[in-house]
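*Asks:* So that we are looking at the same thing, I have put the structure below in structure tokens.
The values are calculated or read from the model by the stated rules, or taken from the named source; none is laboratory data. Quantities reported herein were computed from a predicted structural model and do not represent experimental measurements. Heads up, the Cβs are rebuilt from the backbone with ideal geometry, glycines too, and the neighbour counts pull from every protein chain shown.
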Amino acid sequence: MDAFRIQGGSRLSGRIAIDGSKNASLPLMAAALLTDQPITLRGVPALADIGNMSRLLGELGVTVHGLHGTITLQSTDESPTHARYEMVKTMRASICVLGPVLARRGRASVAMPGGCVFGERPVDLHLRGLEALGARIELRGGDIVAQADRLVGTTIFLGGPFGSTVLGTANVMSAATLARGRTVIESAACEPEIADLAELLNAMGARITGAGTPRLIIDGVDELGPADHRVIPDRIVASTYAVAAAITNGDVTLNDFPYDNLLAVIDRLSQMGVRVERHHPDEDPRRCTVQVTTQRVLRPVMITTQPYPGYPTDLQAQMMALLCLAEGNSMIAEKIYPERFMHVAELARMGAQLFRQGPTVMIQGVKRLVGAPVMASDLRGSACLVLAGLAAEGTTTVSRVYHLDRGYARMEETLNALGAKIERFNADVPEPADQPVPMPAQLVEIFR
């Protein structure tokens with residue numbers, strides 16, 4: 001099992017480009033199930049989750065050409081309808097095949113999904129939305145089994161106890177493109193990834209309006225066709241590398257930075273004393289070049305995670321690592337996944353002063369973090385520990401970085417290109433023992 005060995009204290013500088021969004025790519029890939037025509041996606045990141053989705057789609061009769069970058073997908077066999085547990089358990093986003101398979105093939109059987117383990121994330125909103133469209137749904141042997149002769153448009157409320165559902169919106173919106181009549185989704189997710197999916201679906205011939213707002217209107221069509229689409233940059237990856245620059249007091253330029261999709265994050269960074277400056281104001285604010293620098297003193301802030309356009313839960317852990325070094329007391333309230341705090345105990349091993357009360361953590365800034373062995377438990381928590389290791393004194397070992405590989409393409413290579421000192425190694429292979437130091441000749445004489 002791979003691990004990272006990080007020698008902290010290096011100031012990051014240089015220029016990197018932000019990869020395409022993982023959270024956008026997975027539903028975009030699943031959209032190929034809605035047609036028998038080819039779908040070309042550009043800017044797909046080289047991630048473990050992308051490979052897992054490609055294999056899952058392959059079992060569902062989709063031919064996938066390309067591993068990342070530019071990939072082409074085409075549904076060539078529409079008879080398979082079962083997404084097996086062995087395929088689905090590796091990532092939660094597998095659920096996004098449910099709506100497309102049901103809408104196109106009339107039946108779908110999808111195992112309950114897996115993914116990061118930091119609290120309950122039920123799929124009831126997905127099922128409620130599909131049932132409203134006329135699907136008959138039951139749970140059978142751990143599989144969600146959905147059937148419908150043809151879905152019928154209706155008005156659906158998709159709000160939940162912690163706000164709207166991104167994958168649920170993607171599922172229902174995708175299915176509604178082939179439904180008969182008009183579908184209105186109220187309390188739809190407003191995330192950029194949903195707007196990106198709607199852009200692809202419209203390019204395929206769908207009729208969707210309101211993407212990026214809480215009210216989506218979908219007028220169903222009889223069939224969808226081919227399309228060529230460029231994936232939006234990954235706003236969480238972009239934010240993570242911005243925090244990496246800040247936590248090392250660095251000077252990093254980021255190309256393809258989704259500035260317009262990160263206004264809540266940029267606001268909090270600015271309050272801390274981190275500057276995120278656009279190079280060319282006339283560039284597309286969804287894909288531009290920025291320079292990230294910081295003052296030597298970081299100020300404390302309060303953060304509350306919220307659905308988009310609020311502060312993203314996927315950047316809560318990374319910002320916590322940065323706030324550990326702010327002067328004063330900061331507060332983070334987690335309103336999306338109240339149990340998403342497994343990184344707290346690991347940061348404490350590195351000298352952080354953290355105090356958790358339910359869904360809230362108070363961070364008392366310290367002068368320094370100290371390298372230590374730590375264990376990653378989820379994707380974004382893994383990134384948090386790597387960031388802390390970049391700033392810590394001494395050596396930090398982060399184990400179980402397979403979590404990290406689900407959302408960041410060879411993160412160690414990207415950071416090393418900016419001046420970090422990170423070594424990937426196999427933690428299951430014993431390290432070579434140190435060679436014994438020969439005893440000085442004069443001591444040999446004494447003990448002879």
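*Asks:* Could you tell me whether ARG410 is among the basic types (Lys, Arg) and buried (at least 18 other Cβ atoms within 10 Å of the Cβ)? Before you say what the answer is, go through the steps one by one.
*Replies:* On the way: among the basic types (Lys, Arg): yes; buried (at least 18 other Cβ atoms within 10 Å of the Cβ): no.
In short, no.
*Asks:* If you go through region 127-145 one residue at a time, how many are assigned to a helix (DSSP H, G or I) and either aromatic (Phe, Trp, Tyr) or modelled with pLDDT under 95 (or both)?
*Replies:* Filtering region 127-145 down to residues assigned to a helix (DSSP H, G or I) leaves 127-132.
Next, from what is left, pick out any that are either aromatic (Phe, Trp, Tyr) or modelled with pLDDT under 95 (or both): 127-128.
Looking only at that region, the number is 2.
*Asks:* For region 80-93, check the following and say yes or no: at least one residue is of a type outside the set (Lys, Arg), assigned to a helix (DSSP H, G or I) and surrounded by fewer than 16 Cβ atoms within 10 Å (Cβ to Cβ).
*Replies:* Taking region 80-93 first, the residues of a type outside the set (Lys, Arg) are 80-83, 85-88, 90-91, 93.
Pick out the ones that are also assigned to a helix (DSSP H, G or I) and you get 85-88, 93.
Filter once more, so that each one left must be surrounded by fewer than 16 Cβ atoms within 10 Å (Cβ to Cβ): 86.
Checked against the condition, which is being of a type outside the set (Lys, Arg), assigned to a helix (DSSP H, G or I) and surrounded by fewer than 16 Cβ atoms within 10 Å (Cβ to Cβ), region 80-93 yields at least one hit.
*Asks:* Next question, about the same structure. With respect to LEU224, determine if the residue is in contact with a Leu (Cβ under 9 Å, 6 or more places away or on another chain), of a type outside the set (Ser, Thr, Tyr) and in the same structural domain as ALA32 (by TED's automatic domain parsing). Write out each step before concluding.
*Replies:* On the way: in contact with a Leu (Cβ under 9 Å, 6 or more places away or on another chain): yes; of a type outside the set (Ser, Thr, Tyr): yes; in the same structural domain as ALA32 (by TED's automatic domain parsing): yes.
Answer is yes for this residue.
*Asks:* For region 351-402, give me the residue count where each residue is closer than 17 Å to ALA317 by Cα and among the basic types (Lys, Arg).
*Replies:* 3
*Asks:* Okay, moving on. Can you tell me which of ALA246, ALA238, ALA242 is in contact with a Pro (Cβ under 7 Å, 6 or more places away or on another chain), in the same structural domain as MET411 (by TED's automatic domain parsing) and among the small types (Gly, Ala, Ser)? Talk me through it step by step, then tell me what you get.
*Replies:* On the way: ALA246 fails: in contact with a Pro (Cβ under 7 Å, 6 or more places away or on another chain); ALA242 fails: in contact with a Pro (Cβ under 7 Å, 6 or more places away or on another chain).
Checking each option against the conditions leaves just ALA238.
*Asks:* Would you pick out the residues in region 313-349 that are within 30 Å of PRO192 (Cβ to Cβ) and part of a loop (DSSP other than H, G, I, E, B)?
*Replies:* CYS324, LEU325, ALA326, GLU334, LYS335, ILE336, TYR337, PRO338, GLU339, ARG340, PHE341, MET342
*Asks:* Hey, another quick one. So, in region 24-72, exactly how many residues are under 23 Å from HIS403 (Cβ atoms) and basic (Lys, Arg)?
*Replies:* 1
*Asks:* Which count do you get for residues in region 39-55 that are out of contact with any Gly (no Cβ under 6 Å at 6 or more places or on another chain) and over 12 Å from LEU73 (Cβ atoms)? If you could, list the steps in order and put the result at the bottom.
*Replies:* Within region 39-55, the first condition is being out of contact with any Gly (no Cβ under 6 Å at 6 or more places or on another chain), and the residues that meet it are 39-42, 46-55.
Of the ones still in play, those that are also over 12 Å from LEU73 (Cβ atoms) are 42, 46-49, 51-52, 55.
Looking only at that region, the number is 8.
*Asks:* Name the residue, out of ARG268, ARG299, that is modelled with pLDDT of 95 or more, among the basic types (Lys, Arg) and either over 29 Å from PRO359 (Cα atoms) or part of a loop (DSSP other than H, G, I, E, B) (or both). Write out each step before concluding.
*Replies:* Numbers: ARG268 fails: either over 29 Å from PRO359 (Cα atoms) or part of a loop (DSSP other than H, G, I, E, B) (or both).
Going through ARG268, ARG299 in turn, just one is modelled with pLDDT of 95 or more, among the basic types (Lys, Arg) and either over 29 Å from PRO359 (Cα atoms) or part of a loop (DSSP other than H, G, I, E, B) (or both): ARG299.
*Asks:* Taking only pairs six or more apart or across chains, which ones have beta-carbon atoms under 9 Å, a first residue in region 327-353 that is touching a residue at least 60 places away in the same chain (Cβ under 8 Å), and a second residue that is hydroxyl-bearing (Ser, Thr, Tyr) and surrounded by 23 or more Cβ atoms within 10 Å (Cβ to Cβ)?
*Replies:* Matching pairs, first to second residue: LYS335/THR305; ILE336/THR305; TYR337/THR305; ARG340/THR305.
*Asks:* Of the numbered conditions (1) of a type outside the set (D, E, K, R); (2) surrounded by fewer than 18 Cβ atoms within 10 Å (Cβ to Cβ); (3) in contact with a Gly (Cβ under 7 Å, 6 or more places away or on another chain), GLY142 fails exactly one; give the number of that condition.
*Replies:* (3)
*Asks:* Next up: Counting only residues that are surrounded by fewer than 20 Cβ atoms within 10 Å (Cβ to Cβ), touching a helix residue (DSSP H, G or I) at 6+ places or on another chain (Cβ under 9 Å) and either outside any loop (DSSP other than H, G, I, E, B) or without any contact (Cβ under 8 Å) to a residue 60 or more places away in the chain (or both), how many does region 303-312 have?
*Replies:* Within region 303-312, the subset surrounded by fewer than 20 Cβ atoms within 10 Å (Cβ to Cβ) is 304, 306, 309-310.
Now restrict to residues that are touching a helix residue (DSSP H, G or I) at 6+ places or on another chain (Cβ under 9 Å): 306, 309-310.
Still in the running and either outside any loop (DSSP other than H, G, I, E, B) or without any contact (Cβ under 8 Å) to a residue 60 or more places away in the chain (or both): 310.
Going through region 303-312 one residue at a time, the tally reaches 1.
*Asks:* From the set of residues in region 160-183 that are modelled with pLDDT under 95 and out of contact with any helix residue (DSSP H, G or I) (no Cβ under 8 Å at 6 or more places or on another chain), which is nearest to ASP36 (Cα to Cα)?
*Replies:* This residue is SER164.
*Asks:* Moving on to the next point. Pull out all pairs, ordered by first then second residue, where Cβ-Cβ is under 8 Å, the residues are six or more apart or on different chains, the first lies in region 379-390 and is under 15 Å from ALA348 (Cβ atoms), and the second is of a type in the set (S, T, N, Q).
*Replies:* If the second residue must be of a type in the set (S, T, N, Q), the pairs left are CYS384/GLN318; LEU385/THR396; ALA388/THR396; GLY389/THR396.
*Asks:* Which of the following residues is modelled with pLDDT of 95 or more, over 19 Å from the mean Cα position of the chain (by Cα) and within 22 Å of ALA48 (Cβ to Cβ): ALA391, ALA417?
*Replies:* Working: ALA391 fails: within 22 Å of ALA48 (Cβ to Cβ).
On inspection, the qualifying residue turns out to be ALA417.
*Asks:* Let me ask something else about it. Looking only at region 211-254, how many residues end up being assigned to a loop (DSSP other than H, G, I, E, B), more than 22 Å from GLY134 (Cβ to Cβ), in contact (Cβ under 8 Å) with a residue 40 or more places away in the chain and of a type outside the set (S, T, N, Q)?
*Replies:* 7
Conditions (1) surrounded by fewer than 16 Cβ atoms within 10 Å (Cβ to Cβ); (2) among the charged types (D, E, K, R), marked per residue:
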{"site": "ILE247", "(1), (2)": "no, no"}
{"site": "THR253", "(1), (2)": "no, no"}
{"site": "ASP256", "(1), (2)": "no, yes"}
{"site": "ASP260", "(1), (2)": "yes, yes"}
{"site": "GLY273", "(1), (2)": "no, no"}
{"site": "ARG278", "(1), (2)": "yes, yes"}
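*Asks:* Let me ask something else. Just give me the residues in region 255-278 being in contact (Cβ under 8 Å) with a residue 24 or more places away in the chain and either at positive phi or acidic (Asp, Glu) (or both), in sequence order. Reasoning before the result, please.
*Replies:* So the first thing to find is which residues in region 255-278 are in contact (Cβ under 8 Å) with a residue 24 or more places away in the chain, and the list is 255-265, 268-269, 271-274, 276.
Selection gives ASP256, ASP260, GLY273.
*Asks:* I'd like the full set of residues that are under 21 Å from PRO258 (Cβ atoms) and either more than 22 Å from the chain's Cα centre (by Cα) or of a type in the set (S, T, N, Q) (or both), limited to region 168-207.
*Replies:* THR169, ASN202, ALA203
*Asks:* For region 192-210, which residues satisfy the criterion of being within 18 Å of PHE157 (Cβ to Cβ) and in a loop (DSSP other than H, G, I, E, B)?
*Replies:* Passing the criteria: only GLY210.
*Asks:* Continuing with this model, one more query. When the residues of region 146-164 are filtered to those that are polar (S, T, N, Q) and free of Cβ contacts under 8 Å to residues at least 40 places away in the same chain, which remaining residue is nearest to LEU216 (Cα to Cα)? Walk me through it before giving the result.
*Replies:* Residues of region 146-164 polar (S, T, N, Q): 147, 154-155, 164.
In the following step, the residues that additionally are free of Cβ contacts under 8 Å to residues at least 40 places away in the same chain were identified as 154-155.
Values: THR154: 12, THR155: 10 Å.
Ranking the candidates gives THR155 first.
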